[in-house]
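Following: one structure in C-alpha cells, then a few remarks.
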Amino acid sequence: MSSECLFCSIVDGSIPADVVSETEHTVAFRDINPQADVHVLVVPRVHEADIASLAAAAPEVAVALIAETRRIAETEAGGQYRLVFNTGEAAGQTVFHAHGHVLGGQLHAALPS
Ligand code: AMP
Ligand code: ZN
C-alpha cells in the first residue's frame, strides 16, 4: 500500500472508480479514458510497480490477475481480448502500480499509452 499511489487509492476505496469485479487478489475497473469498446484495468490489491515485479514478488497474485482478465472479457467482450501490460515509462506506463489493460471489441486508437 502506497498512499501516493492512484491505484492503491482505488483499491482501498478512497478514490472512486467504475468497478467491474473484485476478487481476493484483484480489483478491476473501467479505464477513465477508454481506448477500445471495452477497456478495463485489472490491478492487484498489493502494490508492485509493474507486472514483472508482481510476478517476482507474488507469483500467485500475478496468475490470479491473468486468470481474472479472461473472466472479465467473457462478461464484457465475448471472451476475446488483448491484454496489455505497459512496463516502464518509455513503454507508455504512467501509473506505477501493476495493471493489465483488458481491451475488447474495436480499438479506438493505437495500443494504450
Ligand atoms: P498505463 O499508461 O499503462 O500506466 O495505464 C494507466 C491507465 O490508467 C491509463 O489508460 C489511464 O487512462 C488510466 N487511468 C488514469 N487514472 C484513472 C482513474 N482515476 N480511473 C480509471 N482509470 C484511470
Ligand atoms: Zn499502488
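If Met1 satisfies every condition in (1) more than 15 Å from ligand 1 (Cβ to nearest atom); (2) in a loop (DSSP other than H, G, I, E, B); (3) modelled with pLDDT of 95 or more but one, which is the exception?
(3)
Within the stretch 1-51, work out how many residues are touching a Leu at 6+ places or on another chain (Cβ under 8 Å), of a type in the set (Gly, Ala, Ser) and within 16 Å of ligand 2 (Cβ to nearest atom).
1
With the structure loaded, tell me whether Val42 is without any contact (Cβ under 8 Å) to a residue 60 or more places away in the chain, more than 10 Å from ligand 1 (Cβ to nearest atom) and either hydrophobic (A, V, I, L, M, F, W, C) or in contact with a Ser or Thr (Cβ under 6 Å, 6 or more places away or on another chain) (or both) or whether it fails that test.
No: the conditions fail for Val42.
Give the stretch 17-61 a look and list any residue that's under 11 Å from the mean Cα position of the chain (by Cα) and either surrounded by 20 or more Cβ atoms within 10 Å (Cβ to Cβ) or part of a helix (DSSP H, G or I) (or both), or say none.
Thr26, Val27, Ala28, Phe29, His39, Val40, Leu41, Val42, Val43, Pro44, Ile51
Against the condition within 15 Å of ligand 1 (Cβ to nearest atom), in contact (Cβ under 8 Å) with a residue 60 or more places away in the chain and buried (at least 18 other Cβ atoms within 10 Å of the Cβ), how does Gly104 come out, does it pass?
Spelling it out, Gly104 is indeed within 15 Å of ligand 1 (Cβ to nearest atom), in contact (Cβ under 8 Å) with a residue 60 or more places away in the chain and buried (at least 18 other Cβ atoms within 10 Å of the Cβ).
The values are calculated or read from the model by the stated rules, or taken from the named source; none is laboratory data. Keep in mind the model is a prediction, meaning the values are calculated, not measured. FYI the Cβ positions are ideal-geometry reconstructions off the backbone, even for glycines, and counts take in every protein chain you see.
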